[in-house]
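What follows is a single structure, written as C-alpha coordinates, with notes after it.
The values are calculated or read from the model by the stated rules, or taken from the named source; none is laboratory data. Because the structure is a prediction, the values reported are computed rather than measured. Reconstructed Cβ throughout: ideal geometry from the backbone, glycine too, with neighbour counts over all protein chains shown. These area figures cover heavy atoms from the full protein model, side chains too; ligands, DNA and RNA do not enter into them. Shrake-Rupley method; radii C 1.70, N 1.55, O 1.52, S 1.80 Å.
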Number of protein chains: 2
Amino acid sequence: MARRNDHTREELHELALSAAEEILQTRGVQALSTRKVAAAIGYSAGSLYSVFSNLDDLCWQLNSRTLNELMAALKAVKVASPKTSLYAYADTYLAFAARYPERWRLLFEHRSSDSNRLPAELALRIESLFELIEKALSDLFQDSAEVIAVRARVLWSGVHGIAQLRSGDKLFLHQADAERKMLDALIEGLLSGWSLEAERDA
Amino acid sequence: MARRNDHTREELHELALSAAEEILQTRGVQALSTRKVAAAIGYSAGSLYSVFSNLDDLCWQLNSRTLNELMAALKAVKVASPKTSLYAYADTYLAFAARYPERWRLLFEHRSSDSNRLPAELALRIESLFELIEKALSDLFQDSAEVIAVRARVLWSGVHGIAQLRSGDKLFLHQADAERKMLDALIEGLLSGWSLEAERDA
DNA sequence: GCATGTAATTGAACACTGTTCAAAAAAGGA
DNA sequence: TCCTTTTTTGAACAGTGTTCAATTACATGC
(Lines give C-alpha, C1' and ligand atoms only; values in the text may rest on other atoms or scores of the structure.)
Protein backbone atom coordinates (compact mmCIF):
# COMPACT_ATOMS: atom_id res chain seq x y z
CA MET A 1 0.00 0.00 0.00
CA ALA A 2 1.15 3.49 -0.74
CA ARG A 3 -0.19 6.80 -1.99
CA ARG A 4 -3.81 6.70 -0.91
CA ASN A 5 -4.37 10.43 -0.98
CA ASP A 6 -7.03 10.11 1.67
CA HIS A 7 -6.02 13.36 3.27
CA THR A 8 -4.11 16.48 2.42
CA ARG A 9 -0.97 17.37 4.28
CA GLU A 10 -2.91 19.80 6.42
CA GLU A 11 -5.59 17.26 7.23
CA LEU A 12 -3.00 14.69 8.22
CA HIS A 13 -1.28 17.26 10.41
CA GLU A 14 -4.53 18.15 12.15
CA LEU A 15 -5.60 14.52 12.45
CA ALA A 16 -2.34 13.48 14.06
CA LEU A 17 -2.35 16.40 16.46
CA SER A 18 -5.90 15.65 17.60
CA ALA A 19 -5.15 11.97 18.04
CA ALA A 20 -2.03 12.81 20.02
CA GLU A 21 -4.01 15.16 22.23
CA GLU A 22 -6.57 12.46 22.88
CA ILE A 23 -3.89 9.92 23.81
CA LEU A 24 -2.13 12.45 26.01
CA GLN A 25 -5.29 13.34 27.89
CA THR A 26 -6.60 9.84 28.37
CA ARG A 27 -3.45 7.77 28.82
CA GLY A 28 -0.74 10.24 29.83
CA VAL A 29 2.55 11.37 28.35
CA GLN A 30 4.22 8.02 28.68
CA ALA A 31 1.63 6.48 26.34
CA LEU A 32 2.26 9.11 23.69
CA SER A 33 4.24 7.31 20.99
CA THR A 34 4.53 7.77 17.25
CA ARG A 35 3.18 4.30 16.58
CA LYS A 36 0.12 4.83 18.76
CA VAL A 37 -0.68 8.19 17.21
CA ALA A 38 -0.23 6.72 13.74
CA ALA A 39 -2.41 3.72 14.54
CA ALA A 40 -5.13 5.98 15.89
CA ILE A 41 -5.44 7.76 12.57
CA GLY A 42 -4.85 4.70 10.39
CA TYR A 43 -1.41 5.58 9.14
CA SER A 44 2.05 4.18 9.64
CA ALA A 45 4.51 5.75 12.06
CA GLY A 46 6.76 6.88 9.23
CA SER A 47 4.00 9.06 7.77
CA LEU A 48 4.13 11.39 10.74
CA TYR A 49 7.62 12.40 9.74
CA SER A 50 6.29 14.04 6.58
CA VAL A 51 4.29 16.40 8.77
CA PHE A 52 6.38 16.68 11.94
CA SER A 53 10.15 16.77 12.10
CA ASN A 54 10.02 14.36 15.04
CA LEU A 55 8.09 13.55 18.19
CA ASP A 56 9.59 16.55 19.97
CA ASP A 57 8.16 18.77 17.29
CA LEU A 58 4.76 17.17 17.69
CA CYS A 59 4.92 17.83 21.42
CA TRP A 60 5.79 21.48 20.87
CA GLN A 61 2.82 21.81 18.57
CA LEU A 62 0.61 20.11 21.14
CA ASN A 63 1.84 22.67 23.64
CA SER A 64 1.13 25.43 21.20
CA ARG A 65 -2.47 24.24 20.93
CA THR A 66 -2.81 23.93 24.69
CA LEU A 67 -1.40 27.38 25.28
CA ASN A 68 -3.71 28.73 22.60
CA GLU A 69 -6.73 27.29 24.33
CA LEU A 70 -5.55 28.48 27.73
CA MET A 71 -4.96 31.99 26.45
CA ALA A 72 -8.36 32.07 24.80
CA ALA A 73 -9.96 31.10 28.11
CA LEU A 74 -8.03 33.82 29.92
CA LYS A 75 -8.81 36.47 27.35
CA ALA A 76 -12.48 35.56 27.52
CA VAL A 77 -12.50 36.69 31.15
CA LYS A 78 -14.79 39.68 31.59
CA VAL A 79 -12.65 42.53 32.83
CA ALA A 80 -14.46 44.17 35.72
CA SER A 81 -12.44 45.65 38.56
CA PRO A 82 -8.71 44.89 38.52
CA LYS A 83 -9.04 42.72 41.58
CA THR A 84 -11.94 40.62 40.34
CA SER A 85 -10.09 40.25 37.04
CA LEU A 86 -7.07 38.85 38.82
CA TYR A 87 -9.29 36.43 40.72
CA ALA A 88 -10.95 35.37 37.49
CA TYR A 89 -7.61 34.83 35.77
CA ALA A 90 -6.40 32.69 38.64
CA ASP A 91 -9.65 30.72 38.75
CA THR A 92 -9.54 30.14 35.02
CA TYR A 93 -5.95 28.97 35.17
CA LEU A 94 -6.57 26.57 38.04
CA ALA A 95 -9.69 25.25 36.35
CA PHE A 96 -7.79 24.64 33.12
CA ALA A 97 -4.99 22.82 34.94
CA ALA A 98 -7.57 20.66 36.68
CA ARG A 99 -9.57 19.88 33.55
CA TYR A 100 -6.61 19.01 31.36
CA PRO A 101 -3.93 17.85 33.79
CA GLU A 102 -1.80 15.98 31.29
CA ARG A 103 -1.85 18.66 28.65
CA TRP A 104 -1.13 21.29 31.26
CA ARG A 105 1.78 19.33 32.68
CA LEU A 106 3.31 18.80 29.26
CA LEU A 107 3.42 22.56 28.94
CA PHE A 108 6.09 22.64 31.63
CA GLU A 109 7.65 19.21 31.47
CA HIS A 110 8.48 19.03 27.80
CA ARG A 111 12.04 19.94 26.91
CA SER A 112 13.89 19.18 23.70
CA SER A 113 16.87 16.90 24.01
CA ASP A 114 19.33 19.00 22.05
CA SER A 115 18.29 22.59 22.78
CA ASN A 116 16.46 23.60 25.91
CA ARG A 117 15.06 26.79 24.47
CA LEU A 118 11.36 26.91 23.82
CA PRO A 119 10.09 27.99 20.41
CA ALA A 120 9.64 31.72 19.93
CA GLU A 121 5.94 31.28 19.24
CA LEU A 122 5.30 29.80 22.69
CA ALA A 123 7.45 32.44 24.33
CA LEU A 124 5.32 35.18 22.81
CA ARG A 125 2.12 33.67 24.12
CA ILE A 126 3.53 33.38 27.62
CA GLU A 127 4.59 37.01 27.50
CA SER A 128 1.08 38.00 26.47
CA LEU A 129 -0.24 36.11 29.48
CA PHE A 130 1.95 38.22 31.74
CA GLU A 131 0.67 41.32 29.96
CA LEU A 132 -2.86 40.49 31.06
CA ILE A 133 -1.75 40.44 34.66
CA GLU A 134 0.37 43.53 34.24
CA LYS A 135 -2.58 45.42 32.84
CA ALA A 136 -4.73 44.59 35.85
CA LEU A 137 -1.90 45.49 38.21
CA SER A 138 -1.22 48.85 36.53
CA ASP A 139 -4.80 49.83 37.30
CA LEU A 140 -4.12 49.15 40.96
CA PHE A 141 -0.64 50.53 41.47
CA GLN A 142 1.14 53.62 40.21
CA ASP A 143 4.54 51.99 40.23
CA SER A 144 7.07 51.77 37.43
CA ALA A 145 6.70 49.24 34.63
CA GLU A 146 9.62 47.30 36.11
CA VAL A 147 7.91 46.94 39.48
CA ILE A 148 4.64 45.95 37.82
CA ALA A 149 6.47 43.34 35.73
CA VAL A 150 8.04 41.82 38.84
CA ARG A 151 4.72 41.76 40.67
CA ALA A 152 2.88 40.17 37.76
CA ARG A 153 5.40 37.34 37.70
CA VAL A 154 5.28 36.92 41.46
CA LEU A 155 1.51 36.73 41.45
CA TRP A 156 1.56 34.26 38.59
CA SER A 157 4.27 32.17 40.20
CA GLY A 158 1.98 31.85 43.18
CA VAL A 159 -1.01 30.79 41.13
CA HIS A 160 1.12 28.42 39.08
CA GLY A 161 2.78 27.00 42.16
CA ILE A 162 -0.60 26.24 43.69
CA ALA A 163 -1.66 24.53 40.48
CA GLN A 164 1.47 22.44 40.36
CA LEU A 165 1.59 21.35 43.98
CA ARG A 166 -2.10 20.47 43.83
CA SER A 167 -1.63 18.57 40.57
CA GLY A 168 1.10 16.49 42.19
CA ASP A 169 -0.83 16.01 45.44
CA LYS A 170 1.93 17.77 47.30
CA LEU A 171 -0.12 20.32 49.17
CA PHE A 172 -1.18 18.20 52.15
CA LEU A 173 -3.87 20.66 53.02
CA HIS A 174 -6.89 18.73 54.18
CA GLN A 175 -9.41 21.52 54.55
CA ALA A 176 -12.67 22.31 52.85
CA ASP A 177 -12.33 24.88 50.06
CA ALA A 178 -8.56 24.68 50.37
CA GLU A 179 -8.08 26.08 46.91
CA ARG A 180 -10.34 29.07 47.48
CA LYS A 181 -8.64 29.85 50.79
CA MET A 182 -5.23 29.67 49.18
CA LEU A 183 -6.19 31.97 46.35
CA ASP A 184 -7.67 34.38 48.86
CA ALA A 185 -4.55 34.36 50.99
CA LEU A 186 -2.37 34.84 47.91
CA ILE A 187 -4.23 37.55 46.05
CA GLU A 188 -5.64 39.41 49.03
CA GLY A 189 -2.30 39.18 50.81
CA LEU A 190 -0.17 40.38 47.93
CA LEU A 191 -2.49 43.19 46.85
CA SER A 192 -2.94 44.66 50.29
CA GLY A 193 0.73 44.21 51.05
CA TRP A 194 1.71 46.08 47.91
CA SER A 195 -0.88 48.77 48.64
CA LEU A 196 0.61 49.28 52.05
CA GLU A 197 4.01 49.70 50.49
CA ALA A 198 2.62 52.47 48.29
CA GLU A 199 1.13 54.27 51.30
CA ARG A 200 4.41 54.09 53.18
CA ASP A 201 6.35 55.54 50.23
CA ALA A 202 3.88 58.39 49.84
CA MET B 1 30.36 -14.79 34.32
CA ALA B 2 28.22 -14.99 37.39
CA ARG B 3 28.46 -14.73 41.14
CA ARG B 4 31.38 -12.38 41.62
CA ASN B 5 30.45 -11.24 45.10
CA ASP B 6 32.26 -7.97 44.52
CA HIS B 7 29.71 -6.05 46.51
CA THR B 8 27.04 -6.70 49.06
CA ARG B 9 23.43 -6.02 48.28
CA GLU B 10 23.65 -2.72 50.16
CA GLU B 11 26.79 -1.67 48.33
CA LEU B 12 25.23 -2.47 44.98
CA HIS B 13 22.14 -0.49 45.95
CA GLU B 14 24.22 2.52 46.94
CA LEU B 15 26.48 2.21 43.89
CA ALA B 16 23.56 2.12 41.50
CA LEU B 17 21.81 5.04 43.14
CA SER B 18 24.93 7.19 43.00
CA ALA B 19 25.56 6.32 39.37
CA ALA B 20 21.95 7.09 38.53
CA GLU B 21 22.23 10.44 40.29
CA GLU B 22 25.36 11.25 38.33
CA ILE B 23 23.71 10.39 35.02
CA LEU B 24 20.60 12.34 35.95
CA GLN B 25 22.58 15.45 36.85
CA THR B 26 24.96 15.42 33.92
CA ARG B 27 22.84 14.06 31.08
CA GLY B 28 19.22 14.60 32.14
CA VAL B 29 16.26 12.35 32.85
CA GLN B 30 15.96 11.11 29.31
CA ALA B 31 19.46 9.61 29.53
CA LEU B 32 18.61 7.73 32.71
CA SER B 33 18.26 4.10 31.63
CA THR B 34 18.80 0.80 33.39
CA ARG B 35 21.50 -0.21 30.94
CA LYS B 36 23.43 3.03 31.39
CA VAL B 37 23.26 2.86 35.17
CA ALA B 38 24.34 -0.77 35.07
CA ALA B 39 27.20 -0.04 32.67
CA ALA B 40 28.38 2.80 34.91
CA ILE B 41 28.88 0.45 37.84
CA GLY B 42 30.11 -2.52 35.81
CA TYR B 43 27.05 -4.72 36.15
CA SER B 44 24.39 -5.95 33.79
CA ALA B 45 20.97 -4.33 33.61
CA GLY B 46 19.29 -7.38 35.10
CA SER B 47 21.29 -7.04 38.30
CA LEU B 48 19.50 -3.83 39.19
CA TYR B 49 16.29 -5.78 39.54
CA SER B 50 17.67 -7.62 42.54
CA VAL B 51 17.97 -4.30 44.34
CA PHE B 52 15.17 -2.21 42.82
CA SER B 53 11.77 -3.49 41.83
CA ASN B 54 12.00 -1.49 38.62
CA LEU B 55 13.18 1.83 37.19
CA ASP B 56 10.25 3.64 38.77
CA ASP B 57 11.38 2.41 42.14
CA LEU B 58 14.90 3.63 41.47
CA CYS B 59 13.52 7.06 40.59
CA TRP B 60 11.49 7.21 43.78
CA GLN B 61 14.59 6.41 45.75
CA LEU B 62 16.54 9.05 43.85
CA ASN B 63 13.81 11.50 44.82
CA SER B 64 14.04 10.36 48.39
CA ARG B 65 17.75 11.16 48.39
CA THR B 66 17.19 14.53 46.77
CA LEU B 67 14.47 15.45 49.23
CA ASN B 68 16.73 14.33 52.05
CA GLU B 69 19.50 16.61 50.90
CA LEU B 70 17.10 19.49 50.35
CA MET B 71 15.56 19.08 53.79
CA ALA B 72 19.00 18.94 55.39
CA ALA B 73 19.90 22.22 53.70
CA LEU B 74 16.67 23.82 54.88
CA LYS B 75 17.03 22.56 58.42
CA ALA B 76 20.60 23.87 58.54
CA VAL B 77 19.24 27.38 58.13
CA LYS B 78 19.99 29.46 61.21
CA VAL B 79 16.69 30.54 62.67
CA ALA B 80 16.90 34.23 63.49
CA SER B 81 13.81 36.38 63.17
CA PRO B 82 10.80 34.71 61.52
CA LYS B 83 11.10 36.95 58.51
CA THR B 84 14.81 36.38 57.92
CA SER B 85 14.19 32.67 58.36
CA LEU B 86 11.57 32.71 55.64
CA TYR B 87 13.96 34.57 53.38
CA ALA B 88 16.69 32.07 54.12
CA TYR B 89 14.38 29.12 53.41
CA ALA B 90 13.37 30.62 50.09
CA ASP B 91 16.97 31.40 49.17
CA THR B 92 18.07 27.91 50.07
CA TYR B 93 15.30 26.37 48.02
CA LEU B 94 16.00 28.50 44.97
CA ALA B 95 19.72 27.82 45.28
CA PHE B 96 19.12 24.09 45.48
CA ALA B 97 16.85 24.14 42.43
CA ALA B 98 19.50 26.07 40.54
CA ARG B 99 22.39 23.85 41.58
CA TYR B 100 20.67 20.54 40.86
CA PRO B 101 18.11 21.38 38.20
CA GLU B 102 17.57 17.84 36.94
CA ARG B 103 17.29 16.25 40.35
CA TRP B 104 14.97 19.00 41.47
CA ARG B 105 12.75 18.63 38.40
CA LEU B 106 12.51 14.87 38.86
CA LEU B 107 11.07 15.58 42.27
CA PHE B 108 7.96 16.95 40.61
CA GLU B 109 7.93 15.28 37.22
CA HIS B 110 8.23 11.68 38.25
CA ARG B 111 4.98 9.77 38.45
CA SER B 112 4.48 6.03 38.49
CA SER B 113 2.64 4.57 35.56
CA ASP B 114 0.18 2.46 37.53
CA SER B 115 -0.46 4.45 40.69
CA ASN B 116 -0.06 8.19 40.88
CA ARG B 117 0.37 8.30 44.61
CA LEU B 118 3.76 9.18 45.96
CA PRO B 119 5.36 6.96 48.57
CA ALA B 120 4.47 7.72 52.17
CA GLU B 121 8.09 8.41 53.03
CA LEU B 122 8.31 11.28 50.57
CA ALA B 123 4.98 12.63 51.71
CA LEU B 124 6.21 12.84 55.28
CA ARG B 125 9.28 14.78 54.27
CA ILE B 126 7.22 17.29 52.31
CA GLU B 127 4.93 17.78 55.28
CA SER B 128 7.94 18.44 57.50
CA LEU B 129 9.02 21.09 55.02
CA PHE B 130 5.70 22.84 55.44
CA GLU B 131 6.11 22.59 59.19
CA LEU B 132 9.27 24.68 58.97
CA ILE B 133 7.36 27.43 57.24
CA GLU B 134 4.41 27.10 59.58
CA LYS B 135 6.68 27.50 62.57
CA ALA B 136 8.10 30.74 61.24
CA LEU B 137 4.62 32.00 60.39
CA SER B 138 3.19 31.18 63.81
CA ASP B 139 5.79 33.47 65.31
CA LEU B 140 4.47 36.26 63.14
CA PHE B 141 0.73 35.78 63.26
CA GLN B 142 -1.69 34.84 66.00
CA ASP B 143 -4.09 33.12 63.64
CA SER B 144 -5.50 29.61 63.86
CA ALA B 145 -3.48 26.59 62.79
CA GLU B 146 -5.72 26.27 59.73
CA VAL B 147 -4.97 29.79 58.58
CA ILE B 148 -1.25 29.29 59.20
CA ALA B 149 -1.33 26.06 57.22
CA VAL B 150 -2.97 27.78 54.27
CA ARG B 151 -0.49 30.65 54.40
CA ALA B 152 2.52 28.35 54.59
CA ARG B 153 1.36 26.58 51.46
CA VAL B 154 0.66 29.81 49.67
CA LEU B 155 4.07 31.19 50.50
CA TRP B 156 5.73 27.99 49.40
CA SER B 157 3.70 27.81 46.22
CA GLY B 158 5.05 31.22 45.39
CA VAL B 159 8.65 30.26 46.04
CA HIS B 160 8.21 26.99 44.17
CA GLY B 161 6.46 28.71 41.28
CA ILE B 162 9.34 31.15 40.92
CA ALA B 163 11.78 28.24 40.92
CA GLN B 164 9.82 26.37 38.29
CA LEU B 165 9.18 29.23 35.90
CA ARG B 166 12.82 30.27 36.16
CA SER B 167 14.00 26.70 35.61
CA GLY B 168 11.93 26.53 32.42
CA ASP B 169 12.97 30.00 31.25
CA LYS B 170 9.37 31.08 31.35
CA LEU B 171 9.73 34.22 33.45
CA PHE B 172 10.69 36.67 30.71
CA LEU B 173 11.91 39.15 33.24
CA HIS B 174 15.01 40.79 31.90
CA GLN B 175 16.07 42.82 34.89
CA ALA B 176 19.11 42.78 37.11
CA ASP B 177 18.57 40.88 40.35
CA ALA B 178 15.22 39.66 39.06
CA GLU B 179 15.18 36.78 41.52
CA ARG B 180 15.89 38.97 44.53
CA LYS B 181 13.22 41.45 43.50
CA MET B 182 10.68 38.69 43.05
CA LEU B 183 11.42 37.17 46.43
CA ASP B 184 11.15 40.60 48.00
CA ALA B 185 7.82 41.31 46.35
CA LEU B 186 6.52 37.88 47.37
CA ILE B 187 7.63 37.67 50.98
CA GLU B 188 7.38 41.36 51.85
CA GLY B 189 4.04 41.60 50.09
CA LEU B 190 2.47 38.56 51.69
CA LEU B 191 3.74 39.24 55.19
CA SER B 192 2.67 42.87 55.29
CA GLY B 193 -0.63 42.01 53.62
CA TRP B 194 -1.37 39.37 56.21
CA SER B 195 -0.30 41.73 59.02
CA LEU B 196 -2.70 44.33 57.74
CA GLU B 197 -5.48 41.77 57.81
CA ALA B 198 -4.75 41.10 61.48
CA GLU B 199 -4.89 44.80 62.29
CA ARG B 200 -8.21 45.16 60.52
CA ASP B 201 -9.70 42.24 62.40
CA ALA B 202 -8.54 43.63 65.72
C1' DG C 1 39.13 -32.34 50.21
C1' DC C 2 34.79 -32.99 48.22
C1' DA C 3 29.97 -32.86 47.34
C1' DT C 4 25.90 -30.24 47.76
C1' DG C 5 23.06 -26.37 48.22
C1' DT C 6 22.51 -21.48 47.86
C1' DA C 7 22.96 -17.01 46.24
C1' DA C 8 24.53 -13.73 42.73
C1' DT C 9 25.07 -12.49 37.97
C1' DT C 10 24.62 -12.76 33.31
C1' DG C 11 22.98 -12.72 28.59
C1' DA C 12 19.53 -13.79 25.69
C1' DA C 13 14.89 -12.95 24.75
C1' DC C 14 10.46 -10.20 24.24
C1' DA C 15 7.87 -6.38 23.35
C1' DC C 16 8.28 -1.97 23.01
C1' DT C 17 10.35 2.87 21.52
C1' DG C 18 12.03 6.89 17.79
C1' DT C 19 13.83 7.41 13.36
C1' DT C 20 15.40 6.61 8.56
C1' DC C 21 14.87 5.25 3.97
C1' DA C 22 14.51 2.23 -0.18
C1' DA C 23 10.74 0.56 -2.43
C1' DA C 24 6.08 0.58 -4.09
C1' DA C 25 2.02 2.50 -5.69
C1' DA C 26 -1.17 5.82 -6.96
C1' DA C 27 -2.07 10.50 -8.88
C1' DG C 28 -1.33 14.00 -12.24
C1' DG C 29 0.59 15.85 -16.50
C1' DA C 30 2.23 15.55 -21.34
C1' DT D 1 0.30 5.82 -22.73
C1' DC D 2 4.51 7.01 -20.59
C1' DC D 3 6.75 9.62 -17.27
C1' DT D 4 7.32 12.27 -13.20
C1' DT D 5 6.00 13.51 -8.79
C1' DT D 6 4.08 12.69 -4.40
C1' DT D 7 2.49 9.87 -0.84
C1' DT D 8 2.81 5.91 2.03
C1' DT D 9 4.61 1.91 3.67
C1' DG D 10 7.30 -1.65 5.95
C1' DA D 11 11.52 -3.19 7.06
C1' DA D 12 15.56 -2.04 9.42
C1' DC D 13 18.57 -0.13 13.30
C1' DA D 14 19.63 1.15 17.70
C1' DG D 15 17.82 1.90 21.79
C1' DT D 16 14.46 1.04 25.88
C1' DG D 17 12.32 -1.81 30.40
C1' DT D 18 11.77 -6.29 32.09
C1' DT D 19 11.98 -11.36 32.82
C1' DC D 20 14.23 -15.58 33.49
C1' DA D 21 16.83 -19.91 32.48
C1' DA D 22 21.44 -20.89 32.80
C1' DT D 23 25.86 -20.32 34.75
C1' DT D 24 29.19 -19.58 38.16
C1' DA D 25 31.17 -18.92 42.65
C1' DC D 26 30.73 -19.03 47.40
C1' DA D 27 29.36 -21.41 51.83
C1' DT D 28 28.15 -25.22 54.23
C1' DG D 29 28.26 -30.10 55.76
C1' DC D 30 30.70 -34.30 55.75
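Quick look at the values:
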item: Percentage relative contact order, region B:1-52, counting C-alpha pairs under 8 Å, at least six apart; result: 35
item: Solvent exposure ordering (accessible area, 1.4 Å, most first) of A:Thr66, A:Thr34; result: A:Thr34, A:Thr66
item: Cα-Cα over 29 Å, subset of A:Lys135/B:Lys78; A:Lys78/B:Lys170; B:Lys75/B:Lys181; A:Lys36/B:Lys36; A:Lys83/B:Lys170; A:Lys75/B:Lys83; result: A:Lys135/B:Lys78; A:Lys75/B:Lys83
item: Over chain B, relative contact order from alpha-carbon pairs under 8 Å, at least 6 apart, %; result: 18
item: Nearest-first distances (nm) between copies at A:Asn68, label 7 Å from Cα via Cβ; result: 4.7
item: 7 Å along Cα→Cβ, label-point gaps from A:Ser50 to other copies, nm, shortest first; result: 5.1
item: Heavy-atom accessible surface that A and B bury in contact, both chains counted, 1.4 Å, Å² to 100; result: 4000
item: Leading residue at positive end of dipole, region B:60-201 (Cβ point charges), from B:Leu196, B:Leu137, B:Leu62; result: B:Leu62
item: Positive dipole terminus of region B:1-156, leading residue within B:Ala88, B:Leu12, B:Leu155 (C-beta point charges); result: B:Leu12
item: Length released on extending from A:Asp169 to A:Asp56, taking residue separation times 0.36 nm less the Cα-Cα span; result: 37.9 nm
item: Area accessible to solvent at A:Ile148, 1.4 Å probe radius, in Å²; result: 10
item: Region A:7-52 and region B:1-73: distance between their alpha carbon centers, rounded to Å; result: 34
item: Cα centre as origin, Lys/Arg/Asp/Glu Cβ charges: the protein assembly as shown dipole, Debye; result: 1120
item: Model label zone, A:Glu11; criterion: amide N under 20 Å from point 7 Å along Cα-to-beta-carbon; scope region A:36-52; result: A:37-52
item: Accessible area of region A:58-188 belonging to carbon and sulfur atoms, whole % at 1.4 Å probe; result: 53
item: Net charge dipole size for chain B [Lys, Arg +1 and Asp, Glu -1 on Cβ; Debye, nearest 20]; result: 640
item: Phi to ³J(HN,Hα) by Karplus 6.51 cos²θ - 1.76 cosθ + 1.60 over region B:27-37, Hz, x for Gly, Pro; result: 10, x, 4, 4, 8, 7, 10, 4, 5, 5, 4
item: Relative contact order of region B:117-202, pairs being alpha-carbon contacts under 8 Å that are 6 or more residues apart, as %; result: 26
item: Potential lengthening between B:Asp139 and B:Ala80 on full extension [0.36 nm per residue; Cα-Cα distance subtracted]; result: 20.1 nm
item: Binned Cα-Cα distances of region A:1-105, short to long, each 5 Å bin given as a whole percent; result: 2, 11, 20, 19, 14, 11, 8, 7, 4, 2, 1, 0, 0
item: Per-pair calculated FRET efficiency, R0 = 35 Å: B:Arg35 and A:Asp201 via Cβ, rounded to 0.05; result: 0.05
item: For the protein assembly as shown, alpha-carbon Rg relative to the globular expectation (2.2 N^0.38 Å, N residues); result: 1.08
item: Local electrostatic count, B:Ala98, Cβ distance below 10 Å [Lys/Arg +1, Asp/Glu -1]; result: +1
item: Nm distances between copies for B:Glu22, ranked from closest, using label points 7 Å along Cα→Cβ; result: 4.6
item: Helix-only mean residue ellipticity at 222 nm for chain A, each DSSP H run of n ≥ 4 adding -39500 (n - 2.57), per residue, nearest 500; result: -23500 deg cm²/dmol
item: Kirkwood Rh in Å, taken over all unlike Cα pairs in region A:59-201; result: 16.3
item: Point-to-point label distance, A:Thr26-A:Glu131, nm (Cα→Cβ direction, 7 Å offset); result: 3.8
item: Hz values of 3J(HN,Hα) by residue in region B:155-164 - Karplus curve (6.51, -1.76, 1.60), Gly and Pro given as x; result: 4, 6, 4, x, 4, 5, x, 4, 4, 6
item: Two-site FRET efficiency, A:Ser44 against A:Ser64, from Cβ-Cβ distance with R₀ of 35 Å, rounded to 0.05; result: 0.90
